[in-house]
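Okay, so here's the structure we're looking at.
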Amino acid sequence: MLLQKFKITFKDQLVPIYGNNETMEFFHLLCDSLLGFSRVDISLNFDYVLNQKQLEKFENSLERLLKQEPIQYIIGTAYFYGNTFLVTPNTLIPRPETEELVDWIASDNPTKKCTIVDIGTGTGCIAISLAKKLASAKVSAIDFSFKAIEVAHKNAEQNNVSVNFIEKDILIQDKLSDDFNIIVSNPPYVRELEKKEMSANVLDFEPDSALFVSDSDPLIFYRKIAQLIVNTYYSSEKQRLLYYEINEYLAKETAEMLKQLGFHSIELKNDFRGKPRMLKAFWK
């Protein structure tokens, strides 16, 4: 089958679900992943004939998209902060707002010889991006999932950075294991009651453990991480910086919880959509 003929079929079936722009973005990503074709290559190869194996891969991808499976899981990669990351159904797909969190940390600490820990690392996108951006930083990353740690290890190798990955459930820890001066986390924060606002491509395919918390205690991870900082550095005079990606609906509650634990100079920051999605606080 001609690639252009498959493109027509692809659009006919997916545009009613995703719209034209997103459908064409999917097509370009698949052509890059399956054929190594850039957008220019596609336009220059109107008469390219897909062999049987290639056609089967395109048709399989189309079927998965019709079921609203995320394109990142289909091609196995996601783009984040200028780098490519492997993703699997065991890891959350990196989001654009998380890029803003990374950029905030990097902008605040451009030349410092800092020690950073990323708690709940998933693909490793935050830790690895910071390790690439901040050459003098020593970066560690923690996740309770062995399968996520495996993916993160591969991503560090692929992006040519050194990150110390640690498999650990922070909910059962009393203290942090090292002397970190920057602690960052994008933990699970979506309440069960918010599921009705989410699309099927997230609910049906991304790992629940990386997304959801109970309605009764939605700040469980934020509180635990903050308490670990308090427990570990209670008698230290050295300044610690805490950065969170947060639930936009719980921004004030998160800030108040940190204030009650003794954190100060708490700052909320909006993402590119104008929603409060990031927080910075000091512990000293």
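With respect to the chain, whose longest principal axis is taken over its alpha-carbon atoms, helix 251-261 is tilted by about 30°.
Values [x] 1.30; [y] 1.11; [z] 0.92 are given for comparison; Cα Rg over 2.2 N^0.38 Å, derived from the coordinates here, is the one labelled [y]. Per-residue Cβ neighbour counts within 10 Å put Met257, Met278 in the sequence Met257, Met278, beginning with the fewest.
Reported value for the stretch 179-284: 109 Å³ per residue, from the convex hull of its C-alpha atoms. Taking chymotrypsin sites (Phe, Trp or Tyr not before Pro) across the stretch 1-69, the ones in a DSSP loop with at most 13 further Cβ atoms lying within 10 angstrom of their Cβ are Phe46. Taking each DSSP H run with n ≥ 4 as -39500 (n - 2.57) and averaging over every residue of the chain yields -13000 deg cm²/dmol at 222 nm. Close amide H contacts of Asn164 (hydrogens built in the peptide plane, cut-off under 5 Å, sequence separation of 5 or more or a different chain): Val139, Ser140, Ala141.
Excluding same-chain neighbours fewer than eight residues apart, the lysines reachable from Lys154 by a Cα-Cα span under 29 Å are Lys53, Lys57, Lys67, Lys112, Lys113, Lys132, Lys133, Lys138, Lys168, Lys175, Lys224. Based only on the alpha carbon positions, what is the Kirkwood hydrodynamic radius of the stretch 157-208, in angstrom? One decimal place: 15.0 Å for the Kirkwood radius.
Mean separation of Cα pairs under 8 Å and 6 or more residues apart, divided by the residue count, gives the chain a relative contact order of 14 percent. Can you tell me the 0 to 90 degree angle between the C-alpha axis of helix 52-66 and the longest principal axis of the chain, rounded to 10? The angle comes out near 50 degrees. Model label points for Lys5 and Ile166, set 7 angstrom from Cα along the Cα-to-Cβ axis, are 5.8 nm apart. Pull up the DSSP beta bridges for the chain and report the antiparallel fraction as a percent, rounded to 5. Antiparallel bridges make up about 45 percent of those DSSP assigns within the chain.
Nearest 10 degrees, 0 to 90: what angle lies between the long axis of helix 3-18 and the longest principal axis of the chain (Cα atoms)? Long axis of 3-18 versus the principal axis of the chain: about 50 degrees. Looking at the stretch 44-101, the trypsin sites (Lys or Arg not before Pro) that sit in a DSSP loop and have at most 12 other Cβ atoms within 10 Å of their own Cβ are Lys67. In this structure, Arg39 and Ser209 have a Cβ-Cβ separation that, at R0 = 41 Å, corresponds to a calculated FRET efficiency of about 0.65.
Loop only by DSSP, 14 or fewer other Cβ within 10 Å of the Cβ. Give me the GluC sites (Glu not before Pro) in the stretch 167-260 that pass, ordered by residue number.
Sites meeting the loop and neighbour criteria: Glu237.
Working from label points 7 Å from Cα in the Cα-to-Cβ sense, the Lys284 to His28 distance is 4.7 nm.
No value in this document is a laboratory result; all are computed from the given coordinates. Nothing here was measured: the structure is a model prediction, and the numbers come from that model. FYI the Cβ positions are ideal-geometry reconstructions off the backbone, even for glycines, and counts take in every protein chain you see.
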